[in-house]
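Read-outs throughout are calculated quantities, based only on the coordinates presented, and are distinct from any laboratory measurement. Note that the coordinates shown come from a computational prediction; the quantities given were computed from them, not determined experimentally. A quick note on method: Cβ atoms are made from the backbone with ideal geometry, for glycine too, and the neighbour counts reach across all protein chains shown.
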Amino acid sequence: MAKELLKGNDAFAEAAIRAGCEAYFGYPITPQTEALEHMSKRMPELRRVFLQAESEVAAINMVYGAACAGVRTMTSSSSPGISLMMEGLSYIAGSEVPVVVVNVMRGGPGLGNIAPSQADYNQMVKGGGHGDYHPIVLAPATVQEMIDLTVEAFDLAEKYRTIVAILADGSLGQIMEPAELPPMQPVRKLKDRPSWALTGAKKRDPNIISSIYIDPVEEEKVNLRLMAKKAEIEANEVRFRELLLDDAEFAVVAFGTAGRIAQSAITEARAEGIKVGLMRPISLFPFPYERIHQLADEVKAMLVVEMNGGQMLEDVRLGVEGKVPVSFYGRMGGMVPMPEEVLEEIQKLARSVKN
Amino acid sequence: MQTEIIFSGFGGQGALFAGQLMAYTALELDKHVTWFPSYGPEMRGGTAHCTVIISDEEIGSPVVTNPSVAVVMNLPSLDKYEPLVKPDGVLVVNSSLVDREAKRKDIEIVSVPANEIAEEMGEKRLANMILLGALLERLPILPADKVADALDRHIPEHRRSLLEPNLVAMKRGASVASG
C-alpha cells in the first residue's frame with residue numbers, strides 16, 4: 001500500500017481496525033479525540049462496535065467484557081482518562097484477558113493541560129492498578145510506529161493473554177507524517193475465538209474468567225503464573241532502536257518523541273565532533289536492561305532525556321548498575337524539549353568526562 | 001537538505017491548511033515531511049500555527065526553535081517569529097494585518113498585502129494561498145504546479161468551488177513576490 005499523510009490519532013485507530021479490532025469503547029479527551037472520532041465513523045460502517053461510554057470507568061469495563069468474549073477490543077484515552085481506568089485494568093490483568101490500551105499522554109498531574117508529556121511512564125510501565133502485574137508497554141516515536149506497534153499489540157495481547165499499552169504523547173497524536181497502513185485483516189469468526197473465551201457453553205464445559213481468588217493459596221498460584229508470563233515476555237519481547245552507537249563515547253537514552261528530538265540533537269553534536277549515539281527503547285516493559293548494561297561497557301557516560309521529571313531514568317540506572325555516570329534532562333508539564341537544549345546537555349556531558 | 005517552515009496566524013485564516021498542503025505536496029514528491037500543529041483550547045480568532053519540516057532524510061524532531069521560513073499572517077505572529085527565523089532565512093509578512101515593518105536585516109523579507117488582494121478577489125479566505133504562492137516564488141521548496149495538484153486532490157468536497165480561486169490566489173501571491 002502507498003504512503004499517506006496521516007495524523008497519529010487517526011493512524012493508530014485505523015491500524016486497530018485493520019488488525020481486526022471488533023469493539024472499541026471510549027470517552028473523548030484531548031489530545032487523542034481524533035482516534036475516537038475515527039472509530040465512531042469507521043466501526044459502524046464496518047458493522048463493528050463503537051460505543052462512547054458515559055465515562056472512562058465504564059469504557060474500560062466494557063472492554064473487559066468484550067475481551068472475555070474473545071473479541072479483539074481496545075480503548076484509547078489520555079492521562080486523566082487512563083487514571084480512571086486503573087481499577088478495570090487491574091481486573092483485566094487478574095483475569096488474564098487480552099486488551100489493547102492507547103495512552104496519548106498530556107501534561108499533569110491532575111487535570112493538567114493538553115500539551116505533550118511522558119509523565120505516565122511509571123503509571124503504565126510499573127502497573128498502575130493494584131496487584132502484581134506488568135502490561136507490555138510499547139512506545140512509538142513516529143506515525144508509522146504508531147501503526148505498526150498497534151497491529152503488533154493485538155497479536156501480543158492474545159499471545160500472552162495480557163494488556164498491551166501503547167504509550168504515545170500529544171505530539172504523536174497530533175502530528176501528520178507519511179505512513180503506510182497494513183492490509184485489512186478480517187474479523188475473527190465466532191468458531192475461531194480462543195478456547196478460553198466466554199462464547200456460550202454449548203456442547204462444552206463452561207469457561208470461567210475471574211479475578212477473585214478468595215483462597216490465598218489459589219491467588220498465589222495465579223500470581224506465580226503472572227510472574228512466569230512476565231519472565232517469558234522479558235525473554236522474548238524486548239525492542240529498541242539504536243543510532244550511531246558503533247563508535248560512540250556517549251549514549252543518549254530517550255523514548256518516543258523525546259527520542260526523535262534527541263536524534264536531531266545527536267546529528268548536531270556529531271557535526272561538532274562529539275561521538276554520541278542514540279538508544280531508543282521501544283518496549284518500556286520489557287525494558288532493554290541487558291542492552292543498557294552492555295552499552296555501559298561501550299560508552300563513557302549516558303544522558304537520559306524525557307518529557308517528565310526522570311522516570312525511565314530509574315530503569316536506565318538499574319541497567320547501568322553504576323558502571324558509568326548517567327545524567328538527566330527533562331521538561332515537564334507539557335513542555336517539549338527543543339533539540340538545542342538536548343545538544344547543550346550532550347556538550348556538558350562530553351566536557352565533564354574529558355575534564 | 002532540510003527546510004523548516006512555520007505558518008502562523010489567527011485561527012480561521014488557514015495557516016494550518018496551508019501547512020498541510022505543503023506536507024501533502026512533499027509526500028507526493030517522495031520527501032520526508034512532518035506537519036505539527038499548535039493545538040489547544042483556541043479556535044477561530046485565537047492563534048494557530050503549524051511547523052512543517054521537509055527533508056531529504058529521516059526527520060528527527062518535529063519542532064524547531066529557529067525555522068528557515070516563517071509565514072506570518074498577523075502582528076502577534078510577526079512579533080513572535082521575526083526574531084526566530086534563521087539568518088539568511090525567509091520571512092513572509094501579511095502586510096495587511098501588521099502595522100510595522102519587519103526589522104531584521106539578515107533575512108529576506110517578503111511583504112504581501114494578502115488580505116487586500118484577497119478582498120479584491122472577492123474571497124477573504126484566500127489570504128493563506130496568496131502568502132503560500134509568494135513564499136514558493138521566492139523560495140522554491142516545492143514546485144507550485146505540484147502544490148496545485150495536491151490542492152486538487154485534497155481540497156474538501158464542500159470547498160471544491162474554491163479550487164480555481166485558490167490557484168489564482170497562489171499566482172497573485174507569486175507575482176507580488178517576483179515584482
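Points worth noting:
- Think of region A:112-233 as having a plus end and a minus end, set by charges on the Cβ of Lys, Arg, Asp and Glu; of A:141, A:129, A:199, A:199 sits farthest toward the positive end of this dipole.
- 10 Å Cβ neighbours from other chains, averaged over peptide A:173-182: 5
- Peptides A:293-300, B:157-164, ordered by how many other C-beta atoms sit within 10 Å of their residues on average, highest first, read A:293-300, B:157-164.
- For chain A, the relative contact order comes to 18 percent (Cα pairs under 8 Å, sequence separation of at least 6).
- Over all other residues within a Cβ to Cβ distance under 13 Å of residue A:292, the charged ones net out to -3, with Lys and Arg as +1 and Asp and Glu as -1.
- For region A:192-284, applying the loop criterion from DSSP together with a ceiling of 11 other beta carbons within 10 Å to the GluC sites (Glu not before Pro) yields A:272.
- Here is the list for region A:184-293: trypsin sites (Lys or Arg not before Pro) lying in DSSP coil, each with at most 12 other C-beta atoms within 10 angstrom of its C-beta, are A:189, A:202, A:203, A:204.
- For chain B, the relative contact order works out to 20 percent when only alpha carbon pairs closer than 8 Å and six or more residues apart are counted.
- Whether chain B is rounded, prolate or oblate, judged on the alpha carbon gyration tensor where a/c under 1.5 counts as rounded: rounded
- Summed residue charge, Cβ within 15 Å of residue A:80's Cβ, Lys/Arg positive, Asp/Glu negative: -3
- Per-residue mean of foreign Cβ neighbours for B:22-31 is 3 (Cβ atoms of other chains, 10 Å radius).
- Overall form of region A:240-354 per C-alpha gyration tensor (a/c, 1.5; a/b vs b/c): rounded
- Helix-only [θ]222 nm of chain A, DSSP H runs n ≥ 4, -39500 (n - 2.57) each, per residue, nearest 500: -13500 deg cm²/dmol
- ³J(HN,Hα) computed for each position of region B:3-15 - Karplus, 6.51 cos²θ - 1.76 cosθ + 1.60, integer Hz, glycine/proline x: 10, 10, 10, 10, 10, 9, x, 6, x, x, 7, x, 5
- Sum of side-chain charges, residue B:58 neighbourhood, beta-carbon under 12 Å (Lys, Arg +1; Asp, Glu -1): 0
- Shielding by partners, peptide B:63-69 (average Cβ within 10 angstrom, other chains): 3
- Pairs of Cα atoms nearer than 8 Å and 6+ residues apart set the relative contact order; for region A:240-354 it is 31 percent.
- A DSSP coil position with no more than 11 other Cβ atoms inside 10 Å describes the following GluC sites (Glu not before Pro) in region B:67-119: B:101.
- 21 Å Cα-Cα threshold exceeded, pairs from A:159/A:230; B:31/B:124; A:275/A:300; A:159/A:189; A:159/A:202; A:7/B:86: B:31/B:124; A:159/A:202; A:7/B:86
- Charges were assigned to the Cβ only: +1 to each Lys and Arg, -1 to each Asp and Glu. The resulting dipole of region B:45-179 about its Cα centre is roughly 220 debye.
- Two-site label geometry, residue A:272 and residue B:29: point separation in nm, points 7 Å out along Cα→Cβ: 3.1 nm
- Rounded to the nearest 20, the Cβ-based charge dipole of region A:240-354 about its Cα centre (Lys and Arg +1, Asp and Glu -1) stands at 80 debye.
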